[in-house]
């Protein structure tokens with residue numbers, strides 16, 4: 001599972017508590033979770049910003065938010081010529097605040113989280129293939145489908161990591177703002193396509209087209 005996240009907020013790349021919760025989730029679901037944070041000032045390249053939030057903001061324009069129902073109904077009115085539709089569900093669950101991370105997790109984080117060699121502050125992985133004592137499950141004699149998918153994702157991410165590294169190295173020499181934005185958007189799309197392709201197979205033709213959302 002590949003998660004594309006901003007670098008700040010509740011899922012801040014520097015926070016331990018979110019890493020602890022994601023590790024527990026990977027264990028419960030028995031799946032590998034790969035976290036890829038957008039660097040500072042780059043969250044606008046997140047595909048959801050271009051394909052969803054901008055249109056929801058337009059649907060909200062001029063609306064006075066007297067209650068949560070107005071917010072919900074206004075967001076559900078979002079639409080585009082290409083068929084975008086929005087379904088909204090109000091989450092009434094209460095979440096604890098000011099939670100503390102387990103000292104054992106914080107002091108031995110290398111035992112729970114695999115950090116990327118080149119950009120460890122932004123990219124890291126939680127493995128779902130460990131038992132409660134954090135030892136690898138005995139998979140001798142068989143190769144699970146999950147491990148095969150993990151290898152494919154890792155190969156794609158390695159290629160994208162190299163492209164991102166080149167972009168970071170060359171960004172100071174890119175003087176054309178349009179070229180800069182197109183390069184960043186291209187990388188963001190490839191990140192999203194990597195997730196969709198591995199989860200659902202080949203992308204639908206409509207998603208491969210260059211039409212705007």
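Can you pull out every residue in the stretch 115-125 that is more than 17 Å from residue 156 (Cβ to Cβ) and assigned to a strand (DSSP E or B)?
115
Surrounded by 12 or more Cβ atoms within 10 Å (Cβ to Cβ) and either in contact (Cβ under 8 Å) with a residue 40 or more places away in the chain or within 30 Å of residue 19 (Cβ to Cβ) (or both): does that describe residue 96?
no
Residue 50 passes all but one of (1) surrounded by 15 or more Cβ atoms within 10 Å (Cβ to Cβ); (2) not in a helix (DSSP H, G or I); which number fails?
Condition (2) is where residue 50 drops out.
Just to check your reading of the model, which residue among 146, 189 is closer than 20 Å to residue 3 by Cβ and at pLDDT below 70?
None of the others qualify; the one that does is 146.
Please go through the stretch 57-83 and give me each residue that is surrounded by fewer than 17 Cβ atoms within 10 Å (Cβ to Cβ) and either in a helix (DSSP H, G or I) or in contact with a strand residue (DSSP E or B) (Cβ under 9 Å, 6 or more places away or on another chain) (or both), ordered by number.
Matches in the stretch 57-83: 57, 58, 59, 60, 68, 69, 70, 71, 72, 73, 76, 79.
The values are calculated or read from the model by the stated rules, or taken from the named source; none is laboratory data. For clarity, every value in this text was computed on a predicted model and none was experimentally measured. Please note: Cβ atoms are built from the backbone with ideal geometry, for glycine as well, and neighbour counts cover all protein chains shown.
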